[in-house]
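Student: Take this structure first; my questions come after.
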């Protein structure tokens, strides 16, 4: 079998954490090899090993029958490996023009003069843009990249990768910022490259995309390739391999709560541009788990309820009254709270203490005539430490000095000191250990039992099974399933998720 790139026994560890545990994989030219894996499975690490971002890996990478050491992105590029990473900011240089970003690698490698005028760069920039038929005007090419939409930035990175005529093109969640039209353009390019003999390594959580474009499907879990499929793909089995924990790892279910009172009603809500509107009722006295793969619409649902981003369409009622928060402040005033998906970017401020983070949303409660009361602030910090078993020396500790699990306890604890009407926890268990996960789950269930409506978004089925009374399954923004856990099963949940439309 001819291969573009072969990996033998690839391992990668960060301290004691072994992320890749012996990857054996041959990627063939003229095929789209797709990879599916949950958060933390090791996909990003594998991509960064192949593209030279991470060195110090174990095992061997083989190209043209010879072992090569991929120790830097330049080395990877020399061997014909190009990657377009999911985080667009990793490849874009703010402060430079669009044209300069098109030619950035050439400028860094002195293939393009750093002293060249912007006008002289325009013809070369147009050449790179033409690889994807990006007929952008001179005005756009001269403009600062900062003002260009994210979707266009992603297309720019793809064009920059393709101009080097790679033997292996790695695409990590390439459609996450693209419209339907732009995605179709990308698929046309991928098919053309495949027909020309380029090997495509395609990472995505979008089942429909993989089903449409891939020639092979791999499932990665816990740093190991669990399954390897040829079309037609067995999606039910693939999702079991991706998400289903071993029997010994499955959490024991607690007594199920069933709420009787609707507190939040979503009417005709559309989460994604192509998804089908649906209705959803959120009730007090129970934990509603929202489960789906990355990009399924869970974060859009959370942010829409919290007023961070509007829904595509739809209306809400809170306690029977119209509810249309224009910003998170409106939601907070209605006692609708949210712990965001990224606690570092969305909640924690560098050098702030436990007390400062704990009181930030409610400064009025620890202030007198607009002046902060340090003693009151400290009392709140201590109450969060004691109420949530935060491991810290004192409330004056910087939050960033705590472990991930204890950071999350502080972030959750600041909202749950008093009984909220609706509490949204978006991926609350990311980066926390098993013990902290259990404690946070129990606290969420206590809050629900006391009369709040708790909504937990997660891409991890075991987390949903541990914390929830009821599960809502989303796929591509569509509502696929809504049932109490006592009335459904893990197999049914995965079956509903695996249905390709």
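A short reminder: the numbers here are calculations on the coordinates, not readings from a lab. In this text the structure is predicted, and so the values were computed from the model without any measurement. Methodologically, a virtual Cβ is constructed for each residue, glycine included, from the backbone with ideal geometry; neighbour enumeration extends over all protein chains shown.
Student: What is the angle, in °, between the Cα long axis of helix 180-195 and the longest principal axis of the Cα atoms in the chain? Nearest 10 is fine, range 0 to 90.
Tutor: 40 degrees
Student: Whole Å is fine, so just give me how far the alpha carbon centre of the stretch 97-117 lies from that of the stretch 146-161.
Tutor: What the calculation gives is 16 Å, centre to centre.
Student: Please tell me the relative contact order of the chain in percent, rounded to the nearest whole number, where contacts are Cα pairs under 8 Å and at least six residues apart.
Tutor: On the way: 971 pairs, mean separation 76.0, N = 501.
Once normalised by length, the contact order is 15 percent.
Student: How big is the stretch 5-246 by the Kirkwood estimate over distinct Cα pairs, in Å? Spell out each step's value before the answer.
Tutor: Details: mean 1/r = 0.0533 Å⁻¹.
Answer for the stretch 5-246: a Kirkwood hydrodynamic radius of 18.7 Å.
Student: Looking at the square roots a ≥ b ≥ c of the eigenvalues of the Cα gyration tensor of the stretch 265-383, which shape do they give, rounded for a/c under 1.5, prolate if a/b is larger than b/c, or oblate? Show your work: numbers first, answer last.
Tutor: Working: a/c = 2.51, a/b = 1.91, b/c = 1.32.
Here the stretch 265-383 falls in the prolate category.
Student: Could you order peptides 154-160, 208-214 by the average number of other Cβ atoms within 10 Å of their residues, highest first? Don't skip to the end; give the middle numbers.
Tutor: Details: 154-160: 23.4, 208-214: 18.0.
So the peptides 154-160, 208-214, ranked by packing, come out 154-160, 208-214.
Student: Normalising by the residue count of the stretch 260-355, find the relative contact order in percent from Cα pairs under 8 Å and 6+ residues apart. Walk me through the intermediate numbers first.
Tutor: Details: 131 pairs, mean separation 25.5, N = 96.
Dividing the mean separation by the residue count of the stretch 260-355 yields 27 percent.
Student: Using C-alpha positions alone, give me the convex hull volume of the chain per residue in cubic angstrom.
Tutor: Working: hull volume 86.5 nm³, N = 501.
Per-residue hull volume (Cα only) is 173 Å³.
Student: Just rank 438, 79, fewest to most, by other beta-carbon atoms within 10 angstrom.
Tutor: Listed from fewest to most nearby Cβ atoms, that is 438, 79.
Student: I've got another one for you. Given the alpha-carbon gyration tensor of the stretch 190-334, what are the semi-axes of its equivalent ellipsoid in whole angstrom, ordered largest first, with each equal to the square root of 5 times an eigenvalue? Provide the component values of the computation, followed by the final result.
Tutor: Numbers: eigenvalues 272, 103, 29 Å².
So the three semi-axes of the stretch 190-334 are 37, 23, 12 Å.
Student: Then there's this: Per DSSP H run of at least 4 residues, take -39500 (n - 2.57); add these up for the chain, divide by its residues and hand me the 222 nm value, nearest 500 deg cm²/dmol. Don't skip to the end; give the middle numbers.
Tutor: Numbers: 19 runs with 170 residues, N = 501.
Mean residue ellipticity, 222 nm, calculated: -9500 deg cm²/dmol.
Student: Compute the acute angle (0 to 90°) between the alpha-carbon long axis of helix 434-449 and the principal axis of greatest extent of the alpha-carbon atoms of the chain; round to the nearest 10°.
Tutor: Helix 434-449 sits at roughly 50 degrees to that axis.
Student: Any number yet on Rg/Rh for the stretch 248-498, C-alpha, Kirkwood?
Tutor: Values: Rg = 17.9 Å, Rh = 18.5 Å.
Result: Rg/Rh = 0.97.
Student: A follow-up question, please. What whole-number distance in Å separates the alpha-carbon centres of the stretch 29-50 and the stretch 379-429?
Tutor: Spelled out, the Cα-based centre of one part sits 34 Å from the other.
Student: State the Kirkwood hydrodynamic radius of the stretch 405-470 in Å, one decimal place, computed from all pairs of distinct Cα atoms.
Tutor: Mean inverse Cα-Cα distance, inverted, gives 11.8 Å.
Student: Determine the equivalent ellipsoid of the stretch 354-440 by diagonalising the alpha-carbon gyration tensor, then write out the semi-axes as square roots of 5 times the eigenvalues, largest first, rounded to whole Å.
Tutor: On the way: eigenvalues 104, 47, 19 Å².
Equivalent ellipsoid of the stretch 354-440: 23, 15, 10 Å, largest first.
Student: Okay, next question. What whole-number volume per residue, in cubic angstrom, does the convex hull of the C-alpha atoms of the stretch 1-129 give? Please list the in-between numbers first.
Tutor: Working: hull volume 18.9 nm³, N = 129.
That works out to 146 Å³ per residue.
Student: Can I ask one more? How high is the relative contact order of the stretch 1-131, given as a whole-number percent (alpha carbon pairs under 8 Å, six or more residues apart)? Intermediate results must be reported in sequence, preceding the final value.
Tutor: Values: 157 pairs, mean separation 24.9, N = 131.
Dividing the mean separation by the residue count of the stretch 1-131 yields 19 percent.
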